[in-house]
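Colleague: Structure incoming, see below.
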């Protein structure tokens, strides 16, 4: 979910070459970029990686901007992070959830 939130945020930018600092409580997403995991995954075309469809989508939009990540501890009183959690819970409880075709395909393929 955190990766999809980052993708949606970057896709919402109206112009390319924007400088963006993303705050996230997801060590996985932050470390993938900041520790260079993403570069290694690109070299193997994300083979064996979960959420390969999302990572490929992320790379497409990430490469159009100057993006840095900063990890923040979740549920630690960071106002924007708390608001994001509220929005995520509200969306998860909504009757109008969209189907994640990439996730479903991964389940069908045994990933």
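Colleague: Please compute the length gained on full extension between residue 4 and residue 43, using 0.36 nm multiplied by the number of residues separating them and subtracting their Cα-Cα distance.
Modeller: This chain segment gains 11.9 nm when fully extended.
Colleague: Using a 10 Å cut-off on Cβ atoms, rank the peptides 61-71, 82-92 from the highest mean neighbour count down.
Modeller: Ranking the peptides 61-71, 82-92 by packing returns 61-71, 82-92.
Colleague: Then there's this: How much mean residue ellipticity at 222 nm does the chain get from its helices, if each DSSP H run of length 4 or more adds -39500 (n - 2.57) and you divide by all residues, to the nearest 500 deg cm²/dmol?
Modeller: -15500 deg cm²/dmol
Colleague: How many angstrom lie between the Cα centre of region 72-90 and the Cα centre of region 26-58?
Modeller: Using only Cα atoms, the two centres lie 23 Å from each other.
Colleague: Can you give the Rg to Rh ratio for region 6-45, taking only C-alpha atoms and Rh from Kirkwood?
Modeller: 1.02
Colleague: Also, quick follow-up: Strictly greater than 22 Å: what percent of every Cα pair in the chain meets that?
Modeller: Counting every Cα pair in the chain, those more than 22 Å apart make up 39 percent.
Just so you know, all these numbers are worked out from the coordinates, no wet-lab data involved. Please read all numbers here as calculations on a predicted model, not as lab measurements. FYI the Cβ positions are ideal-geometry reconstructions off the backbone, even for glycines, and counts take in every protein chain you see.
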